[in-house]
Amino acid sequence: LRPASGSRQQDAPGAADGLALASDPGGTLNFLAMVENLQGDSGRGYYLEMLIGTPPQALNILVDTGSSNFAVAGVPDPDVTSYFNPELSSTYRSEGIEVTVKYSQGSWTGVLGTDVITMPKGLYGSYTINIATILESENFFLPGVKWHGILGLAYDALAKPSSSVETFFDSLVRQAEIPNIFSLQMCGAGLPVSGSGTNGGSLVLGGIEPSLYTGDIWYTPIKEEWYYQVEILKLEVGGQNLELDCREYNADKAIVDSGTTLLRLPEKVFSAVVQAIARTSLIQEFSSGFWTGSQLACWDRSEKPWSLFPKLSIYLRDENSSRSFRISILPQLYIQPILVIGDNLQCYRFGISSSTNALVIGATVMEGFYVIFDRAQRRVGFAVSPCAEADGAPVSEIEGPFTTADVASNCVSSVSFHEPALWIASYALMSLCGVILLVLVVLLLIPPRCQHRYTDNDVVNDESSLVRHRWK
């Protein structure tokens, strides 16, 4: 499933920081042309316009760094305003392979094929890409979304049905011979979630656009190339360390995922953060439903509740492992306006939720920063985004370096049961145990049968919370 043409090009000198190629309007790369090529918001995702097939069919495609398949609606759907009709494209080629992708909430099933794509505000030229046409879906397309497909920008280890499906970005790197790096800015800080309009943003393919950040870029290593997995060292609320074992922050992984709407925290971390916010906020009594996401909190529209809440800081390991840096978000990013009631009340939601299997740096945090996915040097960079402002004041910060002498040398578990071979081995061992137990039961003439109760953890799927917590 790797469309034939060309060989992978090594990164050009100076390409890692993107500056060497930024002023090349006649070539493949013109970063300024990609500025503000996204629309959307954190509640419904940020999307890019793309032209697919011959003649071209225009669709909006959700940008998701937490999955790896490129897929578009292939049949009419009640919640989709447009879809891709492969029968109308002379360049579409079906592979005849069925593929299913499951998310934390929602799933789709489709058929793999290839076709040509162009991006009006992206790279110059047309490229042949693996594309899944979605024929059936459940809780994937939701009312009010303005996108018609998903652009998975993670590594091929997450691609379905196998890693042999070349990802969208890998295809661009090979065919367009661009550096193996992209960067993302989402501009929805302090603005209503799922409002009537859309906010802007930028997806820069092949490098970094200097106008999209201020100050320095701070880089943290990618721990493993499947999701963009990073290492969290500690969290602070209002400047106070939560004092948890650093492995709690990485249970069982910590990832950077634009397809997740909120900041998701492992349950123990989430509980500690909620307690710390409640303790340091200026609100004496607060409904538990607000923290769990089942209730909104409303204030008079003349009031700004953000002054009542503390700053939240996440410490990431620097490329120099003896150092760290922290990214901080002010409450304007995690206390999110969502709807207006009558003439006087503005209601807000809590932009943080609990997770059973990951710490996910989603849109709640990413809207504060220009995020660089430097795959060539296996690192993720963060810089302050100029559009991360509310009422003219910045709502995000980056500070460092700090020493890591007070944390463990490795906060990430070395057990990697997400690897396909280890999953297969674990299931084989479970099956063997089941057979042995069955034999023992028969030999001992014990009536009760040995049963295995399956849980959600037994399902190997894509963990991106693409549609989780969206306002319906």
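The values are calculated or read from the model by the stated rules, or taken from the named source; none is laboratory data. The shown structure was predicted, so the numbers you read here are calculated from the model rather than taken from an experiment. Cβ atoms come from the backbone with ideal geometry, glycine included; neighbour counts cover every protein chain shown. Only protein heavy atoms, including side chains, enter the accessible area calculation; ligands, DNA and RNA are left aside. Shrake-Rupley method; radii C 1.70, N 1.55, O 1.52, S 1.80 Å.
Note on segment 107-173: with neighbouring protein chains present and a 1.4 Å probe, carbon and sulfur make up 50 percent of its accessible heavy-atom surface. Judged by the ratio a/c of the largest to the smallest principal axis of the C-alpha gyration tensor, segment 133-272 counts as rounded, that ratio being less than 1.5.
Expected output is a single nm value to one decimal: the length gained when fully extending between Ser302 and Thr403, i.e. 0.36 nm times separation in residues minus the C-alpha distance. What is it?
Here the segment from Ser302 to Thr403 would lengthen by 32.1 nm.
Kindly provide the Kirkwood hydrodynamic radius of segment 213-415 in Å, to one decimal, from all pairs of distinct alpha carbon atoms. Intermediate results must be reported in sequence, preceding the final value.
Numbers: mean 1/r = 0.0576 Å⁻¹.
About 17.4 Å for segment 213-415.
Taking a Cβ cut-off of under 13 Å around Ile277, the surrounding Lys, Arg, Asp and Glu residues balance to a net charge of +1, with basic ones at +1 and acidic ones at -1.
Ranked highest first by average number of other Cβ atoms within 10 Å, how do 326-334, 159-167, 339-347 line up? Write down the numbers at each step before the final one.
Details: 326-334: 23.9, 159-167: 18.3, 339-347: 12.7.
In descending order of packing, they fall as 326-334, 159-167, 339-347.
Over segment 28-208, what is the relative contact order in percent, taking alpha-carbon pairs closer than 8 angstrom and at least six residues apart? Could you put the intermediate results ahead of the total?
Numbers: 445 pairs, mean separation 55.7, N = 181.
Relative contact order comes out at 31 percent.
For segment 28-208, the per residue solvent-accessible surface stands at 32 Å², with DNA, RNA and ligands left out and a 1.4 Å probe. With the simple model of a label 7 Å out from the Cα in the direction of the Cβ, Asp77 to Ala157 spans 2.8 nm. Here the label points at Arg323 and Leu88, each 7 Å from Cα along the C-beta direction, are separated by 5.4 nm in the simple model. In the context of the full set of protein chains, residues of segment 213-415 present 39 Å² of accessible surface per residue (probe radius 1.4 Å, heavy atoms only). Using a/c under 1.5 as the rounded threshold, could you call segment 28-208 rounded, prolate or oblate? The axes a ≥ b ≥ c are square roots of the C-alpha gyration tensor eigenvalues, and prolate needs a/b larger than b/c, oblate otherwise. Because its axes are fairly even, with a/c under 1.5, segment 28-208 counts as rounded. In summary, the aspartates and glutamates within cross-link reach of Lys121, defined as a Cα separation below 12 angstrom excluding same-chain residues under 8 places away, comprise Glu36, Glu49. Ranking Asp79, Asp406 from most to least accessible surface, computed with a 1.4 Å probe over the protein chains only, gives Asp406, Asp79.
Take every DSSP beta bridge whose two residues both sit in segment 28-208, then give the antiparallel share in percent to the nearest 5. Display every interim value, and only then the final one.
Values: 44 of 51 bridges.
If we restrict to bridges inside segment 28-208, about 85 percent are antiparallel.
Is the shape of segment 345-388 best called rounded, prolate or oblate, per the rule: a/c under 1.5 gives rounded, else a/b larger than b/c gives prolate, else oblate, with a ≥ b ≥ c the square roots of the Cα gyration tensor eigenvalues? Because a/c hits 1.5 or more and a/b fails to exceed b/c, segment 345-388 counts as oblate.
Take the solvent-accessible surface of the protein heavy atoms, probe 1.4 Å, and return the percent of it on segment 213-415 that carbon and sulfur atoms account for. Answer for segment 213-415: carbon and sulfur cover 45 percent of the accessible area.
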